[in-house]
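The values are calculated or read from the model by the stated rules, or taken from the named source; none is laboratory data. Because the structure is predicted, anything quoted here is derived from the model rather than measured. In this analysis, Cβ positions are derived from the backbone assuming ideal geometry, glycine residues included, and neighbour counts consider all displayed protein chains. Side chains are part of the model used for accessible areas, which takes the heavy atoms of the whole protein and leaves out ligands, DNA and RNA. Shrake-Rupley method; radii C 1.70, N 1.55, O 1.52, S 1.80 Å.
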Amino acid sequence: EYIKGFNLKKESLLFRAFLLSSKPGIFIDELQRIQKEFIDISSLETNWESWLNKSLINYIDHGVNFNKAIIRRLTVLIRETNKNDPCETDMMMLAHIIDCCENLNLPKLFGKN
């Protein structure tokens, strides 16, 4: 099934944004932390836009048009899915997080293939 925010190469917007970060370690730490919250999804209460700003977007050069486009697309995607159903946003972000972990060869606490 198609997951929003992935391109034809099956790369997530989140991973493409990560590649633009000047402080990748902060984002990697946040990936590890947020995975622990997903273990008990019934108690997951994440403001994804705030999480992205704090862990990733603040460390991307906004002076580059390509970077701004990636940031804008990711932010709009989160806002649009949140309007429809916050649970959809959680599941979409889970897929994006799994993609990042797979591309970075990080351990995944969930989503094992």
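For region 88-110, check the following and say yes or no: at least one residue is of a type in the set (Lys, Arg) and open to solvent by 60 Å² or more (accessible area, probe 1.4 Å).
No - not one qualifying residue is present in region 88-110.
Could you tell me whether Leu74 is open to solvent by less than 20 Å² (accessible area, probe 1.4 Å) and at pLDDT 95 or above?
Spelling it out, Leu74 is indeed open to solvent by less than 20 Å² (accessible area, probe 1.4 Å) and at pLDDT 95 or above.
Which one is nearest to Leu13 (Cα to Cα), of the residues in region 45-71 that are among the polar types (S, T, N, Q) and open to solvent by less than 60 Å² (accessible area, probe 1.4 Å)?
First, the residues of region 45-71 that are among the polar types (S, T, N, Q): 46-47, 50, 53, 55, 58, 65, 67.
From the residues that got through so far, the ones that are open to solvent by less than 60 Å² (accessible area, probe 1.4 Å) too are 46, 53, 55, 67.
Values: Thr46: 18, Asn53: 14, Ser55: 15, Asn67: 11 Å.
Filtering region 45-71 for residues that are among the polar types (S, T, N, Q) and open to solvent by less than 60 Å² (accessible area, probe 1.4 Å), the one nearest to Leu13 (Cα to Cα) comes out as Asn67.
Could you please tell me which pairs satisfy a Cβ distance under 6 Å, a separation of 6+ or placement on different chains, a first residue in region 51-76 that is closer than 17 Å to Met92 by Cα, and a second residue that is among the charged types (D, E, K, R)?
From region 51-76, the pairs are Ile70/Arg16.
Does region 3-22 include one or more residues that are of a type in the set (Val, Ile, Thr), open to solvent by 20 Å² or more (accessible area, probe 1.4 Å), closer than 22 Å to Cys87 by Cα and in contact with an Asp or Glu (Cβ under 7 Å, 6 or more places away or on another chain)? Can you show your working first?
So in region 3-22, the residues of a type in the set (Val, Ile, Thr) come out as 3.
Those still in the list that are open to solvent by 20 Å² or more (accessible area, probe 1.4 Å) too: 3.
Cutting the leftovers down to closer than 22 Å to Cys87 by Cα gives us 3.
Still in the list and also in contact with an Asp or Glu (Cβ under 7 Å, 6 or more places away or on another chain): none.
For region 3-22, residues of a type in the set (Val, Ile, Thr), open to solvent by 20 Å² or more (accessible area, probe 1.4 Å), closer than 22 Å to Cys87 by Cα and in contact with an Asp or Glu (Cβ under 7 Å, 6 or more places away or on another chain): absent.
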